[in-house]
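Participant: Input: one structure, supplied below.
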Amino acid sequence: MADPSGTELLDRLHDIVGAANVWSGDAIPDEYTHDEALTGTAVRPLAVVRPANTAEVAAVVRWAGERGIPLTARGSGTGLSGACIPRADGILCALDRMQRIVEIDLDNHCAVVEAGVTLDQLDEALQPHALVYPVYPGETSASLGGNVATNAGGMRAVKYGVTRHQVLGLEAVLATGEVIRTGGKFVKATTGYDLTQLIIGSEGTLAIVTEAILKLYPRPAHTATVLAPFATLAEVSAAVPRIVNSGVDPLVLEYIDALSMAATTANVGLELGIPDAIKDATSAYLVVVVESHHGDRLEVDAAAVAELLAQLGALDVYMLPPHSAALLLEAREKAFWVAKQNGANDIIDVVVPRASVPEYLATVASIAETHATWVAGAGHAGDGNVHLSVFQRDDAVRKQVMRAILEAGMKLGGAISAEHGIGTAKKEYFLELEDPAKLALMRRVKAAFDPHNILNPGTLLD
Ligand SMILES: Cc1cc2nc3c(=O)[nH]c(=O)nc-3n(C[C@H](O)[C@H](O)[C@H](O)COP(=O)(O)OP(=O)(O)OC[C@H]3O[C@@H](n4cnc5c(N)ncnc54)[C@H](O)[C@@H]3O)c2cc1C
């Protein structure tokens, strides 16, 4: 272990990245001590180091490895599972100086980006080329490295899948300080274990990602948004496969329960003009976004969706004007902040098979009632990803509720986290509820990558 007074530690880190890129003690900004998880506790590490390139990351990791000092990678700190909270006896390796878009390859339709590039930065760079990187989690200040490490998803997953479907290759620093490249500017290779996919979603516990090769798509010029209130969630869920089957290939298929709709639209000052009688009869809304390269084709698709929703029992169907549509999606993206402002004590991002969403939500309602807990939510209905805010101030009761809700999702063939990851926030539930044989295998994988357990120890696994 390093000298906790830090002289040797700081000297060595200064040698590697320059004194201006190492912070310690009170010089560490508060934001580097936590992420956005509601239940995490901020921790001040021995030092924050901000390398400028892969060689510097490798030198930091090699040195930390030799000294047995824990190292936690950080992108933008927007994570919701406490996964980038550093350790008091460790180093936080912030990738936020590595923001170079190395290449936009127009012929291979891919972008090569350094890990600290944010979704916003990439999107801005792609717009002039009429291209898009389609993974769209609600917080676009997140880094691509963080997206890779959490296998980020978001509203467009129903059409484009999640991060693991859009990453072609990685450059990563191993716990030894060795640098590997996985995959490449191609979609297929059958050359042994798929290390790209193993590193994606590993929450900084297997390697530090320094670069990613991402798939790009032509950016559709036209989108339309259809909003449909339904009397029951069962009807919302029944509508989802029908819309998918209709062939319109929706970009977004999102459900928002009536309570969340009221709170989130009020937050962005959006008045949708829905009559009170309809609002009062509504238990959930379905938001369908379709996109197209051709305006006339889009109109046909949007009209088909509207007609189908009416046939499927929607109380009414609204074709939103572009400004209201943009505000509604923004409201949905900001749902987390609204829940936080309103005192949410925990959040859930369980995934279940999409046809099981109504059964799942009925079970959740019953668990909430039994424990006198308030639960509200929205979700990516198209892919069965349910986002819930849990309001229960008593920690012991909250944990019982969390455990019961997560377990109910698993019993329906789902998983504890669809996109936020396990981190430290969901770890106790994960270790208790996950198949022990799978956990044992994961521990062996971790040991193979990181035998001295220096990469983000305590996250995901003990
Ligand atoms: C309002 C809001 C809405 C959100 N909506 C969504 C959503 O719709 N879908 C979704 O999936 N997520 C969502 N998130 C969660 C969050 O934005 C994602 O988890 C995102 O991928 C985190 O990226 P980051 O750069 O902030 O990572 P961080 O929070 O910095 O880190 C997250 C994890 O990744 C690791 N990590 C970071 N960079 C690297 C690297 N270069 N190499 C190895 N490991 C690394 C960290 O150690 C940690 O384990 C939302 C968050 C907020 C605040």
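Each reported figure results from applying straightforward, stated rules to the coordinates on display, with no laboratory input. Keep in mind the model is a prediction, meaning the values are calculated, not measured. Ideal geometry is used to build each Cβ from the backbone, glycine not excepted, and the neighbour counts take in all protein chains shown.
Participant: In whole angstrom, note down how far apart the Cα centers of the stretch 130-188 and the stretch 385-462 are.
Facilitator: 21 Å
Participant: OK, next. Excluding residues fewer than 8 places away in the same chain, name every one of the aspartates and glutamates whose C-alpha is closer than 19 Å to that of LYS279.
Facilitator: GLU235, GLU254, ASP257, GLU271, ASP316
Participant: In terms of modelled amide H atoms, which long-range or inter-chain residues lie less than 5 Å from the amide H of ARG156?
Facilitator: When sequence neighbours closer than 5 places are left aside, the close amide H contacts are TYR136.
Participant: Looking at the square roots a ≥ b ≥ c of the eigenvalues of the Cα gyration tensor of the stretch 183-237, which shape do they give, rounded for a/c under 1.5, prolate if a/b is larger than b/c, or oblate?
Facilitator: It is prolate, given that a/c is not under 1.5 and a/b is the larger ratio.
Participant: Then there is this: Could you run the Karplus curve 6.51 cos²θ - 1.76 cosθ + 1.60 with θ = phi - 60° over the stretch 247-260 and give me ³J(HN,Hα) per residue in whole Hz, x for Gly and Pro?
Facilitator: x, 7, 6, x, 7, 9, 9, 10, 9, 9, 6, 4, 5, 5
Participant: Right, here's the next one. Quick check: from the Cα gyration tensor, does the stretch 213-360 come out rounded (a/c under 1.5), prolate or oblate?
Facilitator: Taking the square roots of the gyration eigenvalues as a ≥ b ≥ c, the stretch 213-360 is rounded.
Participant: Report, in debye and to the nearest 20, how large the dipole of the chain comes out about its Cα centre when Lys and Arg carry +1 and Asp and Glu carry -1 on their Cβ.
Facilitator: I would put it at about 820 debye.
Participant: Another question, then. For the stretch 212-264 and the stretch 317-361, what is the separation of their C-alpha centers, rounded to whole Å?
Facilitator: Answer, in whole Å: 11.
Participant: Follow-up. For the residues CYS110, CYS84, CYS93, what sequence is obtained by ranking on other C-beta atoms within 10 Å, fewest first?
Facilitator: CYS110, CYS93, CYS84
Participant: Using the Cα centre of the stretch 180-235 as origin and beta-carbon charges of +1 (Lys, Arg) and -1 (Asp, Glu), tell me which of LEU214, THR232, LEU195 is placed farthest towards the positive end of the dipole.
Facilitator: The listed residue farthest towards the positive side: LEU214.
Participant: In debye, nearest 20, what is the charge dipole magnitude of the stretch 22-166 about its Cα centre with +1 on Lys and Arg Cβ and -1 on Asp and Glu Cβ, if you could check?
Facilitator: Charge dipole, the stretch 22-166, about its Cα centre: 380 debye, nearest 20.
Participant: Given a cut-off of 19 Å, name the pairs among LYS334/LYS399; LYS340/LYS427; LYS334/LYS411; LYS399/LYS427; LYS399/LYS426 whose C-alpha atoms lie farther apart than that in the structure shown.
Facilitator: Pairs exceeding the cut-off: LYS334/LYS399; LYS340/LYS427; LYS334/LYS411.
Participant: Shifting gears a bit: Farthest toward the dipole's positive end in the chain, which of ASN151, VAL179, THR54, given Cβ charges of +1 (Lys, Arg) and -1 (Asp, Glu) about the Cα centre?
Facilitator: So the residue we want is VAL179.
Participant: Divide, for the chain, the radius of gyration over alpha carbons by 2.2 N^0.38 Å, where N is the residue count.
Facilitator: 1.00
Participant: Moving to a separate point now. Can you pull out the GluC sites (Glu not before Pro) in the stretch 175-273 that DSSP calls coil and that have at most 14 other Cβ atoms within 10 Å?
Facilitator: The qualifying sites are GLU178, GLU271.
Participant: How would you classify the stretch 341-462 from its alpha-carbon gyration tensor, with a ≥ b ≥ c the square roots of the eigenvalues: rounded for a/c under 1.5, else prolate if a/b is greater than b/c, otherwise oblate?
Facilitator: The shape class here is prolate.
Participant: Sticking with this structure for a sec: Which order do LEU80, LEU320 fall in if you start with the one that has the fewest other Cβ atoms within 10 Å?
Facilitator: Sorted ascending by nearby Cβ count, the order is LEU320, LEU80.
Participant: For each of SER292, SER143, count neighbouring Cβ atoms within 10 Å of the residue's Cβ, then give the residues from fewest to most.
Facilitator: SER292, SER143
Participant: Amide H of ALA47: which non-local residues (sequence gap of 5 or more, or other chain) have their own amide H closer than 5 Å, using H built in the peptide plane?
Facilitator: When sequence neighbours closer than 5 places are left aside, the close amide H contacts are LEU92.
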